[in-house]
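Undergrad: Before anything else, here's the structure in question.
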Amino acid sequence: MTMIKIKINNIEIEVEKGIMLLDAIKKTGYDVPTLCYYEDLEPSGACGICVVEVKGEPTLKRACCTPVDRDGLEIFTNTKRVRETRKRVLELILSDHPDDCLQCIRNGNCELQALAEKLGIRENHYEKIYVEKEKDVSSFSLVRDPVKCIKCGRCVQVCQEVQSVFAIEMINRGFDTVMGLPFEMGMGDSICTNCGQCSLVCPVGAIYEKSSESEVWEALNDPDKYVIVQEAPAIRVAIGEEFGMEPGTVTSGKMHTALKKLGFDKVFDTNFSADLTIMEEGTELINRVKKTLVDGNFRRLPVITSCSPGWIKYMETFFPNLIKNVSSCKSPQQMFGALAKTYFAEKEGIDPAKIVSVSIMPCTAKKFEANRPEMKDSGYKDVDYVLTTREFGRMIKEMGIDFPSLTSSDADAPMGEYTGAGTIFGATGGVMEAALRTGYELISGETLKAVDLKMVRGMEGIREAEIPIPKLPFPLKVAVAHGLGNAKKILTKVSEQIEKNGKSEYHFVEIMACPGGCVGGGGQPYGSTLKVKEERGEGLYKEDSEMLEHRKSHENEEVKQLYKEFLGEPNGEKSHHLLHTKYGKREKF
Amino acid sequence: MITEILEKYEAKRENLISILHDIQNADPQHYLSQDNIKRVTKFLNISLSEIFGVISFYTMFSTEPRGKYVIKICRSTVCHINGACNIIKKIKEKLGINVGETTKDGLWTLEEVECLGLCGMAPSMMINNNVYGNLTNEKIDSIFKEVKNGRYKNESYLGDKLLKREKQTLNVLENIGVIDPLNIDENMEKNGYKALEKAIKEMTPETVLEEVKRSGLKGRGGAGFPTGLKWSFTAPLKGEKYILCNADEGEPGTFKDRPLLEGDPHKVIEGILLAGYAIGASKGYIYIRGEYENAIGIIKKAIAQAQKKGLLGKNILGSDFSYEIDVKIGAGSYVVGEETAQIESLEGKRGNSRIKPPFPGTKGIHQIPTVVNNVETLANVPNIILKGADWFKGFGTERSSGTKIFVISGKAKNTGLVEVPFGITLRELIFDFAGGVRNDKKFKGALVGGAAGVFISEDLLDEKISYENFISKGLSFGSGAVKVLDEDVDIVDLLTNIMEFFTNESCGQCSPCRIGNKTILRLIKTGKWELIKQTAETMKEASLCALGQSPILPISTALKYFKEELVK
């Protein structure tokens, strides 16, 4: 590492050679406004807002993508020339953007709006130049409103570079450029996995979740409906951000209280069905491993997790060869939904037709999953409406609830209890760890003492570990990948191994479509950088280790009761009917 | 049909544009059908969105069925001031269709395109791959009849277009019109490949590079960067290296590389070889714009001839030096003349420019160090090596050595090429070589250096053209295009045409250029020149590549020299 001396606004500092001007400038206490820049993505230089003056250069330079490459560089971040250029560039961008901020879904958290405020835009020298374009509402999960698009390119970058999906791309050129799909195809008809990472990084209202708020309000206001709700693990460590709380603050109790105040008849918890998933998936894993040991056919190993619907659609499109490896378990959301209209309805004597099942998810793909035609094994749609964390936040605000000052309350029985294993589902590696905690004890019959399996935790894109389990003739070889780009890497390896040797080195693989796992889901609060995602994950591990009585799914009393009263045994007949599903190949081109 | 086409290619992304051309050319309706696109997607294993992103970027590709004859009529500056509008109107009336439409009988499609490099015969057009120039309403009638009767006629415009040949200093263009370009022996009789032989047998790569450095040769594509210096950044790098010959001549009013490619392809090939030898490259690429169909064919044949003679391939002339040259084709985009955009395009992608640094010299094609030089620059190298740097420095001025090809077009009496040493004046070029203004009209000024060029008024006619003098006066001669304007040319109309050009050709990736060009185009009608200038200045400061940085040049010089006409 070579250190060089440079001057920023006449302040001399020493910085590492090769870092970007933007990072060097931040060290001096000055701020450079940015628009297209996103800290987890490669700078694209698209917007032209972060320009600064570099002494000796004929034109201004972009701070985001100009490296500090020589000693004695002199940089000026706020000269008249710089400020006027930035304003003019922003005025051009604003001239190509409608002014319907007051009705826009991003009103109040729009990065373009914030920048206009920051740069003190009070007039625009340019008349509006934008062209009306049709909204794309073909997807269950996402709405694309191209007229709002400022062509920063973040959505395309995340779809291609991070997620390896390549559903969207820059189409056309010049002023007609759109971030779009081929042949004016709708997102709903495309290879889009609905992961929603595009909506998470969009600085404006050009791609956003397809909202179900009004449908849920209607159900809540309908006295004939019995409206129940479940909340995914990742919600409790993120919803606070919508109200100024730090990422990773555990707000499970406040979250339950808020939902009761919204008027839900029962407030359950998806963490309950996460524990249930472990019982089903863990049993499936054990059975498959045992079967392999007997018949020597290793082709159905590794078992690959199935909780992430973005991943499932990706798999059906890009890795249909692995369909038989993916666990047949429905996701916790769908397991919950199927039980709500059967087990719960029977138990409480409620007509399942009257039940409106709502879920609060960190995920836009869950909206698609809930609408998969096969997801109605109870005879009714398992889950009626899916709300993202962002929609949930908006509903709390609309109800005038001051979230941070709420008191805590528990979720309702008989589908509200959860263990630490259920809660860590929301972080990458969490499903793996939860499954290992239970699998270890079920296979060995011994108590797992060191419950924190830190070898599968972390933010590394792909993590591998070998877990020795008593009574198993070999250590369990596991892998964890988050973000579809990382999933692609590990699954290409698995596919090649199976193709070549008839078996893979892995026994169990956890895949989460979104970077960071569900805490980094496409429906989470804006500003979800990798750093924020990691902090949310830490919140979940904190709840697991410090705040809950049980930390292993098979110790969940309500889950035990469910098997005793209704399901029988894990992977039993009733489970297979209600809690398991099938996948099908999808066309890639 | 498509199976046969795909079989010809390796399944590599960099073949994408060539594959698409082949499919489109083979289709009777000259377009890319969805089914065919999907086949290519599968063949190359890339996503449908990516391939569509590429197709929608380049103007030569169409996803809509087109007629049997696709008319591409040039609308750029030179053709524009020579009455392209009237020709377009004539064709529209004749066929009963608008631009972008196809006649009901499926025979004709009419498209407007930017500069075809046929400015010496403006107004001009292409019908499928054949070129037609000096169009008049009467000529249109006869061309259409000929074409319809199956009698294609490709109009050549070489040789005779060297203005006052005997007065020129022909170093680069020496063989144009003299030799048969498709006969390598004729080139070799004129000292062709002698420089290569000398370099390989008598010189080290270092001494070749040193000679080019000492010659003072500067890039002839427009930027004027010292060629030897550029090479010296890449030469010391270890591992694989490439030369990329930029033959994407798209600057309106520029048609100097095309005659070289078509008239003396071996000189260009020899230049690419010498550059490769000097920097230790193993491969050269020539990126030729897709509209230059004739040049593409000639260069490909010439490469095959050189291979046969052992001048390309393994162990050239019995030495350790092995080298191959690959031809890559564009598909209708001006911005891919910019080196990083060209590399993207060559890799089979949209022609979006890359962020610099890293420069191509360290990370170029497929991230491999690549030296990018213009055709004319490389064609200068054989003589420099054969005759020496001192010989080369004997031409031109102190800091602008050698000769330069100037391209005279517009309202000049005679249009064509002039190769002369630096230090010449515009007056000599326009009034001596080109015979002054056509039809005895009054000289109004000149647009020098393409769309990204500057307006020059009469009082600058005696300025000596050299890098040092022009830079010190805030002028630029760019690629050497000189578009002569007579008293009838309306500067506002011409600026509008230039801004339409930039608007059509902006890649769209950075906001200052994407929105700025269109905004200026709109503002011209309002006459808000102060705002227009400020906008162009903002674009210069904040655009990612040279395209967005260019409009300030014609705008500020038009305001300087023709202010009364603009500000009414």
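The values are calculated or read from the model by the stated rules, or taken from the named source; none is laboratory data. From a predicted model like this one, the values you see are computed outputs, not experimental measurements. Backbone-built Cβ (ideal geometry, glycine too); neighbour counts: all protein chains shown. SASA here: full protein model, heavy atoms, side chains in, ligands and nucleic acids out. Shrake-Rupley method; radii C 1.70, N 1.55, O 1.52, S 1.80 Å.
Undergrad: Please enumerate the residues belonging to segment A:133-161 that are free of Cβ contacts under 8 Å to residues at least 24 places away in the same chain and over 21 Å from the mean Cα position of the chain (by Cα).
TA: A:134, A:135 - these are the residues of segment A:133-161 that are free of Cβ contacts under 8 Å to residues at least 24 places away in the same chain and over 21 Å from the mean Cα position of the chain (by Cα).
Undergrad: Oh, and also: Pairs needed: first member in segment A:30-58, farther than 30 Å from residue A:160 by Cα; second member anywhere, part of a strand (DSSP E or B) and among the charged types (D, E, K, R); C-beta distance under 9 Å; at least 6 residues apart or different chains.
TA: A:53/A:61; A:53/A:74; A:54/A:61; A:54/A:74; A:55/A:7; A:55/A:74; A:56/A:74
Undergrad: Suppose the filter is in contact (Cβ under 8 Å) with a residue 24 or more places away in the chain, away from every other protein chain (no Cβ under 14 Å) and either open to solvent by less than 70 Å² (accessible area, probe 1.4 Å) or not in a helix (DSSP H, G or I) (or both); does residue A:122 pass it?
TA: No: the conditions fail for residue A:122.
Undergrad: Something else: I need the full set of residues from segment B:442-462 which are open to solvent by 10 Å² or more (accessible area, probe 1.4 Å) and not small (Gly, Ala, Ser), in order please. Steps first, answer last, please.
TA: Just the residues of segment B:442-462 that are open to solvent by 10 Å² or more (accessible area, probe 1.4 Å), to begin with: B:442-444, B:452, B:457-460, B:462.
Of everything in segment B:442-462, those that are open to solvent by 10 Å² or more (accessible area, probe 1.4 Å) and not small (Gly, Ala, Ser) turn out to be B:442, B:443, B:444, B:458, B:459, B:460, B:462.
Undergrad: Select from segment B:25-43 the residues that are open to solvent by 20 Å² or more (accessible area, probe 1.4 Å) and over 13 Å from residue B:66 (Cβ atoms) and list them in ascending order.
TA: Result: B:26, B:34, B:35, B:36, B:38, B:39, B:42, B:43.
Undergrad: Then there's this: Output the residue which, of all residues in segment B:261-280 that are touching a strand residue (DSSP E or B) at 6+ places or on another chain (Cβ under 8 Å) and not small (Gly, Ala, Ser), is most open to solvent (accessible area, probe 1.4 Å). Even if it seems obvious, please write down each step before you answer.
TA: First, the residues of segment B:261-280 that are touching a strand residue (DSSP E or B) at 6+ places or on another chain (Cβ under 8 Å): B:261, B:268-269, B:271-273, B:275-277, B:279.
Next cut, not small (Gly, Ala, Ser) only: B:261, B:268-269, B:272-273, B:277, B:279.
Numbers: B:261: 0, B:268: 0, B:269: 0, B:272: 0, B:273: 0, B:277: 27, B:279: 3 Å².
The residue in question is B:277.
Undergrad: Could you give every pair whose Cβ atoms fall below 7 Å, whose first residue belongs to segment B:43-56 and is more than 7 Å from every other protein chain (Cβ to nearest Cβ), and whose second residue is of a type outside the set (Gly, Ala, Ser) and open to solvent by 10 Å² or more (accessible area, probe 1.4 Å), counting only separations of at least 6 or pairs across chains?
TA: B:43/B:6; B:44/B:13; B:46/B:13; B:54/B:349; B:54/B:350; B:55/B:61; B:55/B:63
For (1) more than 7 Å from every other protein chain (Cβ to nearest Cβ); (2) open to solvent by 10 Å² or more (accessible area, probe 1.4 Å); (3) closer than 23 Å to residue A:367 by Cα; (4) not hydroxyl-bearing (Ser, Thr, Tyr), each residue gets a yes or a no:
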site: A:127; (1), (2), (3), (4): yes, yes, no, yes
site: A:135; (1), (2), (3), (4): yes, yes, yes, yes
site: A:140; (1), (2), (3), (4): yes, yes, yes, yes
site: A:144; (1), (2), (3), (4): yes, yes, yes, yes
site: A:159; (1), (2), (3), (4): yes, yes, yes, yes
site: A:168; (1), (2), (3), (4): no, no, yes, yes
site: A:175; (1), (2), (3), (4): no, yes, no, yes
site: A:179; (1), (2), (3), (4): yes, yes, yes, yes
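Undergrad: Which condition breaks for residue A:96 when tested against (1) more than 33 Å from the chain's Cα centre (by Cα); (2) within 14 Å of another protein chain (Cβ to nearest Cβ)?
TA: Result: residue A:96 passes all but (1).
Undergrad: While we're looking at this one, here's another question. If I ask for residues that are open to solvent by 40 Å² or more (accessible area, probe 1.4 Å) and closer than 20 Å to residue A:328 by Cα, which ones from segment A:571-589 would you list?
TA: Listed by number, the residues that qualify are A:573, A:574, A:576, A:577, A:582, A:583, A:585, A:586.
Undergrad: Search segment A:36-82 for residues being among the hydroxyl-bearing types (Ser, Thr, Tyr) and either within 9 Å of chain B (Cβ to nearest Cβ) or over 32 Å from the mean Cα position of the chain (by Cα) (or both), and hand back the single one that is nearest to residue A:154 (Cα to Cα).
TA: Going residue by residue through segment A:36-82, those that are among the hydroxyl-bearing types (Ser, Thr, Tyr) are A:37-38, A:44, A:59, A:66, A:77, A:79.
Then drop every residue that is not either within 9 Å of chain B (Cβ to nearest Cβ) or over 32 Å from the mean Cα position of the chain (by Cα) (or both), which leaves A:44, A:59, A:66, A:77, A:79.
On the way: A:44: 8, A:59: 25, A:66: 19, A:77: 24, A:79: 28 Å.
Across segment A:36-82, the extreme among qualifying residues is A:44.
Undergrad: What strands (runs of 3 or more DSSP E) completely inside segment A:1-72 contain at least 2 residues that are acidic (Asp, Glu) and open to solvent by 40 Å² or more (accessible area, probe 1.4 Å)?
TA: By residue number, A:11-16.
Undergrad: Residue under question is residue B:470, and the condition is that it be hydrophobic (A, V, I, L, M, F, W, C) and without any contact (Cβ under 8 Å) to a residue 40 or more places away in the chain; does it hold?
TA: On the way: hydrophobic (A, V, I, L, M, F, W, C): yes; without any contact (Cβ under 8 Å) to a residue 40 or more places away in the chain: yes.
Here the answer is yes, as residue B:470 does meet what is asked.
Undergrad: Give the residues of segment A:430-470 that are over 23 Å from the mean Cα position of the chain (by Cα) and part of a strand (DSSP E or B), sorted by residue number.
TA: A:465, A:466, A:467, listed by residue number.
Undergrad: Restricting to segment B:194-206, what's the tally of residues that are within 24 Å of residue B:306 (Cα to Cα) and surrounded by fewer than 23 Cβ atoms within 10 Å (Cβ to Cβ)?
TA: 9
Undergrad: Residue A:164 is checked against (1) in a helix (DSSP H, G or I); (2) touching a residue at least 24 places away in the same chain (Cβ under 8 Å); (3) over 19 Å from residue A:35 (Cβ atoms) and fails just one. What number does that condition carry?
TA: (1)
Undergrad: Does residue A:82 qualify as being buried (at least 18 other Cβ atoms within 10 Å of the Cβ) and either touching a helix residue (DSSP H, G or I) at 6+ places or on another chain (Cβ under 8 Å) or within 25 Å of residue A:177 (Cβ to Cβ) (or both)?
TA: The answer is no for residue A:82.
Undergrad: Let me confirm something: among B:64, B:10, which residue is surrounded by fewer than 22 Cβ atoms within 10 Å (Cβ to Cβ) and without any contact (Cβ under 8 Å) to a residue 12 or more places away in the chain?
TA: B:10
Undergrad: Do any residues in segment A:91-106 that are within 23 Å of residue B:516 (Cα to Cα) have Cβ atoms under 9 Å from those of residues that are surrounded by fewer than 21 Cβ atoms within 10 Å (Cβ to Cβ) and acidic (Asp, Glu), where the two are at least six apart or on different chains, and which pairs are they?
TA: Within 9 Å, the pairs are A:91/A:123; A:95/A:127; A:98/A:132.
Undergrad: Just the residues that are part of a helix (DSSP H, G or I) and either acidic (Asp, Glu) or out of contact with any Lys or Arg (no Cβ under 9 Å at 6 or more places or on another chain) (or both), please, taken from segment A:76-92.
TA: A:80, A:81, A:82, A:83, A:84, A:85, A:86, A:87, A:88, A:89, A:90, A:91
Undergrad: Tell me which residues, restricted to segment A:234-266, are under 22 Å from residue A:341 (Cβ atoms) and either in a loop (DSSP other than H, G, I, E, B) or touching a Leu at 6+ places or on another chain (Cβ under 6 Å) (or both).
TA: A:263, A:264, A:265
Undergrad: Another question, if that's okay. Out of segment B:69-78, which residues are open to solvent by 10 Å² or more (accessible area, probe 1.4 Å) and either within 19 Å of residue B:445 (Cβ to Cβ) or part of a loop (DSSP other than H, G, I, E, B) (or both)?
TA: Across segment B:69-78, the qualifying residue is only B:75.
Undergrad: Still on this model: Could you please let me know if residue A:432 is buried (at least 18 other Cβ atoms within 10 Å of the Cβ), among the hydrophobic types (A, V, I, L, M, F, W, C), in contact (Cβ under 8 Å) with a residue 60 or more places away in the chain and over 25 Å from residue A:162 (Cβ atoms)?
TA: No.
Undergrad: Looking at B:228, B:253, which one is closer than 23 Å to residue B:480 by Cα, not in a helix (DSSP H, G or I) and not hydroxyl-bearing (Ser, Thr, Tyr)? Steps first, please.
TA: Working: B:228 fails: not in a helix (DSSP H, G or I).
Step by step, each of B:228, B:253 is checked, and only B:253 is closer than 23 Å to residue B:480 by Cα, not in a helix (DSSP H, G or I) and not hydroxyl-bearing (Ser, Thr, Tyr).
Undergrad: I'd like to check which helices (runs of 4 or more DSSP H) are fully inside segment B:262-360 and have at least 2 residues that are under 30 Å from residue B:502 (Cα atoms) and more than 14 Å from chain A (Cβ to nearest Cβ).
TA: Here the list reads B:293-308, B:339-346.
Undergrad: Among the candidates B:500, B:537, B:564, B:541, which residue alone is within 23 Å of residue B:474 (Cα to Cα), out of contact with any strand residue (DSSP E or B) (no Cβ under 7 Å at 6 or more places or on another chain) and modelled with pLDDT of 95 or more?
TA: Exactly one residue qualifies, and that residue is B:537.
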